[in-house]
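Inspection log for the structure reproduced underneath, given as structure tokens.
The values are calculated or read from the model by the stated rules, or taken from the named source; none is laboratory data. Predicted model only: the values in this text are computed from it and were never measured. Glycine also receives a Cβ, built like all others from the backbone with ideal geometry; neighbour counts cover every protein chain displayed. Accessible surface is based on the protein model in full, side chains and every heavy atom, while ligands, DNA and RNA are left aside. Shrake-Rupley method; radii C 1.70, N 1.55, O 1.52, S 1.80 Å.
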Protein chains: 2
Amino acid sequence: MKGGAATPDIRVGQGALGILAGGGPIPGQVARAARDAGRPVFVIGFQGFAEPAVIENFPHEYVRLGAAGRMLELLRQHDCRDLVLVGPVRRPSLLSLRPDAEGTRILAKIGAAAFLGDDGMLAAVVRVLGEEGFTILGAHEVMETMLGASGVVSRLKPDAAAWGDIHRGIEVARALGSVDVGQGCIVQQGIVLAVEAVEGTDQMLARAAGLARPGPGGVLIKLVKPGQDRRTDLPTIGPRTLVAAAGAGLRGVAFEAGGTLLTDRAACVAEADRLGLFLFGIDPDVAHAPAQETDR
Amino acid sequence: MKGGAATPDIRVGQGALGILAGGGPIPGQVARAARDAGRPVFVIGFQGFAEPAVIENFPHEYVRLGAAGRMLELLRQHDCRDLVLVGPVRRPSLLSLRPDAEGTRILAKIGAAAFLGDDGMLAAVVRVLGEEGFTILGAHEVMETMLGASGVVSRLKPDAAAWGDIHRGIEVARALGSVDVGQGCIVQQGIVLAVEAVEGTDQMLARAAGLARPGPGGVLIKLVKPGQDRRTDLPTIGPRTLVAAAGAGLRGVAFEAGGTLLTDRAACVAEADRLGLFLFGIDPDVAHAPAQETDR
């Protein structure tokens with residue numbers, strides 16, 4: 001999708017925009033943006049994940065994750081050809097999926113191997129939907145303004161100690177991402193306090209509060225996994241993330257610029273400034289100043 | 001220390017055996033083994049970590065982690081030339097150490113860079129103690145019987161699904177270890193439920209209970225970090241680990257054979273059998289049968 005001739009636009013596609021909605025506010029934001037642009041939308045809310053308050057203002061239906069046949073049926077009924085997968089879904093086990101007939105057929109195509117990693121499964125789902133004739137857009141492709149840019153976003157910026165933590169966090173998040181686990185970690189004074197697996201960022205932040213050392217607080221680092229399909233499950237930061245980070249005694253949040261969704265950029269910045277946190281978009285491939293400070 | 005001419009023996013060395021004691025029961029077991037063999041011991045209990053019930057039957061003194069001068073003084077006073085570092089110590093921050101004069105001198109030698117990883121610091125401590133004229137033994141060198149061997153230890157053994165989880169866990173623990181973080185993770189049906197950082201295995205097991213999926217339970221995998229100095233902080237499994245693993249709904253525990261301390265082997269096996277868990281020593285460099293089952 002990178003380097004494509006034109007950025008897909010929610011106003012240009014044919015038919016309705018199908019939104020496969022996990023948790024959080026972003027599915028509603030995408031739906032609103034499309035509707036405001038005059039394009040019809042249809043939302044499939046994943047049962048147990050999609051938030052009613054977020055999707056109930058739009059045409060929608062709740063569907064079990066495993067009920068792939070029902071999903072395809074609904075998407076065709078509502079003339080959806082372009083799809084967006086957006087909002088976190090807690091990774092299901094193969095057994096808890098309880099696939100319907102279509103789901104079983106798709107699972108056979110995907111293969112159980114796809115269950116040995118988060119991206120494995122999501123990438124397979126995108127591939128299969130593509131084979132079914134749908135075009136899959138990334139949330140960041142339909143709402144470019146949501147992608148956090150490089151550099152400081154908040155009033156505060158990281159000091160030398162925070163940069164040390166950020167560089168350590170990049171190293172750890174990369175290693176994790178290389179085996180397709182998690183997207184984040186928390187580092188304080190060089191110590192890796194917590195590493196994210198399926199529990200999610202909020203739960204990781206909650207436990208970091210009890211693991212913090214005296215002295216300057218740590219940093220939450222969130223990166224895109226190397227090789228991650230950017231149409232699925234991009235790291236997301238919202239105002240709630242900043243509140244939780246402050247509650248854990250952190251001094252700031254560093255996210256991968258160009259690869260992280262800020263659910264409400266203005267509210268994120270306002271929360272960061274109110275709570276005295278920095279919010280910084282990093283390019284993990286570039287050594288940021290003052291990198292030399294971290295090698296002392 | 002590997003491949004040395006002779007295994008150091010607690011009965012052969014000169015002077016008393018100095019035991020630098022963190023938490024858990026192993027410091028007491030090492031002290032008892034040495035005393036039973038007729039060698040005097042002196043225990044330095046790290047304040048806030050060493051358990052009074054474990055070390056108070058032996059000549060001992062509590063010392064703050066940062067009070068390196070006091071430690072060296074005590075070790076010399078009690079004629080300790082051979083040292084064992086044993087029992088977990090929660091990783092301190094540079095600031096919380098509050099080093100004494102000697103501690104400050106040693107810290108200057110170690111350099112703050114050592115604080116950017118668990119082993120970095122421990123390896124530096126071992127190096128500095130060596131320069132001070134001490135010989136550092138590993139707990140496994142003084143108590144060879146404590147090292148878990150390869151193969152099945154319990155009555156139950158891993159089935160094909162558990163082997164899939166074990167192989168995924170090896171991959172993840174290796175990636176983590178390569179950046180000097182943690183020693184363990186929990187995998188269920190191919191899903192990495194939790195990854196260990198500073199919180200320790202018990203806390204990781206506690207949270208895994210709430211993250212488990214329906215269906216067959218997961219596996220705890222503990223490995224030595226690649227390049228880890230085996231005289232410091234080897235992965236440890238005790239009967240409590242097995243109780244916590246059962247509480248988290250796991251089906252078994254896989255540990256690195258030859259690199260993991262079983263605090264009380266008989267009790268570990270008894271608990272595993274009582275709780276219906278497998279306990280298995282793996283060689284992560286060798287594909288264990290039935291490895292082919294995991295690629296389906």
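Worth a mention:
- Residues in region A:194-237 that are facing another protein chain (nearest Cβ under 8 Å), more than 16 Å from A:Gly252 (Cα to Cα) and open to solvent by less than 20 Å² (accessible area, probe 1.4 Å): A:Val195, A:Glu196, A:Ala197, A:Glu199, A:Leu211.
- Residue within region A:164-179 that is of a type in the set (Val, Ile, Thr), assigned to a loop (DSSP other than H, G, I, E, B) and surrounded by fewer than 24 Cβ atoms within 10 Å (Cβ to Cβ) present: yes
- So B:Val224, is it modelled with pLDDT of 90 or more and of a type outside the set (Lys, Arg): no
- Filter pass, A:Leu279 being in a loop (DSSP other than H, G, I, E, B) and crowded, with 24+ Cβ neighbours inside 10 Å: no
- Among the residues of this structure, A:Ile221 does not count as one that is under 24 Å from A:Leu147 (Cα atoms) and either over 15 Å from the mean Cα position of the chain (by Cα) or hydroxyl-bearing (Ser, Thr, Tyr) (or both).
- Scanning region B:141-173 for residues that are among the hydrophobic types (A, V, I, L, M, F, W, C), modelled with pLDDT under 90 and out of contact with any Leu (no Cβ under 6 Å at 6 or more places or on another chain) yields B:Val142, B:Met143, B:Leu147, B:Ala149, B:Val152.
- The condition (being more than 18 Å from the chain's Cα centre (by Cα), within 12 Å of chain B (Cβ to nearest Cβ), in contact (Cβ under 8 Å) with a residue 12 or more places away in the chain and under 13 Å from A:Leu220 (Cα atoms)) is satisfied by just one residue among A:Ile170, A:Ile191, A:Ile186: A:Ile191.
- Test: B:Ile55 is touching a Ser or Thr at 6+ places or on another chain (Cβ under 9 Å) and of a type in the set (Val, Ile, Thr): no
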